[in-house]
Every structure is written in C-alpha cells, then in structure tokens.
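**Student:** Let me give you the structure first, and then I'll get to my questions.
The values are calculated or read from the model by the stated rules, or taken from the named source; none is laboratory data. Treat the numbers as computed from the prediction; the structure is a model and nothing was measured. Methodologically, a virtual Cβ is constructed for each residue, glycine included, from the backbone with ideal geometry; neighbour enumeration extends over all protein chains shown.
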Amino acid sequence: MTRATITGRYVAPDGTPASGAVLIDPVRVLHLSGGAHTLTVVPKRIRAELDADGAFTRELVPAEYDVTFLGRRATIPRRRVELLPTHTAEAPLDLALIGACTL
C-alpha cells in the first residue's frame, strides 16, 4: 500500500513550541486496488500529538483530509489538504507551506 507523509510545526508568537494536537480526518471512504486484493480505507480520525518542538509527522494513505489544530490556547480552523503519493518522507506535505500558523 502506498503511503505519503504529512508534517507540520506550530509555535507561539514568541517562537516557543506550541503544545496540542493535529486532528486529521479522511474526507471519504477509499477503495484501493492493487496486487491481489482491494482494500477499503474507512474514515477514522487520526490524532497526531505535537512533540517537544511543536512538530508532528505522520505517514498516511494518499487522499484528501480535513486538518484541524487543537492547542491549549487556540484552535486553527479546519482546512482541506490533498496528500499525494509524491509527498514522501524526503518531500512531505508541510502544513506550514499551506498557510502560516502561529498561536
């Protein structure tokens, strides 16, 4: 099964790492065919906790996802992203490049 990488880093206005989590929700059910089997990927929320640097990285099935940041002091509204097979560990989909995010 093909995987793609999504990442992000969140900081407060003073540059200190944010704490919180990123919620990643698949937009729809996926049916993937390949090899001898067809797989159904169900829409299940993924919660990615931020590390001590305010960052997260996840490998997921390429698809559209709704992404929401939940911090202790702020929430960044949901935005839709498309995670492609070309988003590899070496060239991930970086949420910081989609729009500036500070708390």
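**Student:** Find the residue count for the range 13-58, including only residues that are charged (D, E, K, R) and assigned to a strand (DSSP E or B).
**Tutor:** Residues that pass the stated criteria total 4.
**Student:** Of the conditions (1) touching a strand residue (DSSP E or B) at 6+ places or on another chain (Cβ under 7 Å); (2) over 27 Å from Gly34 (Cβ atoms); (3) aliphatic (A, V, I, L, M), Ala89 clears all except one; give me its number.
**Tutor:** Checking Ala89 against (1) touching a strand residue (DSSP E or B) at 6+ places or on another chain (Cβ under 7 Å); (2) over 27 Å from Gly34 (Cβ atoms); (3) aliphatic (A, V, I, L, M), the one that fails is (2).
**Student:** Next question. Could you say whether any residue in the range 68-81 is modelled with pLDDT under 95, of a type outside the set (Asp, Glu), in contact with a Lys or Arg (Cβ under 7 Å, 6 or more places away or on another chain) and part of a strand (DSSP E or B)?
**Tutor:** yes
**Student:** Take the residues in the range 38-48 that are surrounded by 10 or more Cβ atoms within 10 Å (Cβ to Cβ) and either within 30 Å of Thr16 (Cβ to Cβ) or not aliphatic (A, V, I, L, M) (or both); name whichever of them is farthest from the chain's Cα centre (by Cα).
**Tutor:** Step by step, filter the range 38-48, then rank; the result is Pro43.
**Student:** Being surrounded by fewer than 11 Cβ atoms within 10 Å (Cβ to Cβ), at pLDDT below 90 and over 16 Å from Ile6 (Cα atoms) is true for just one of Gly99, Gly35. Which residue is that?
**Tutor:** Gly35
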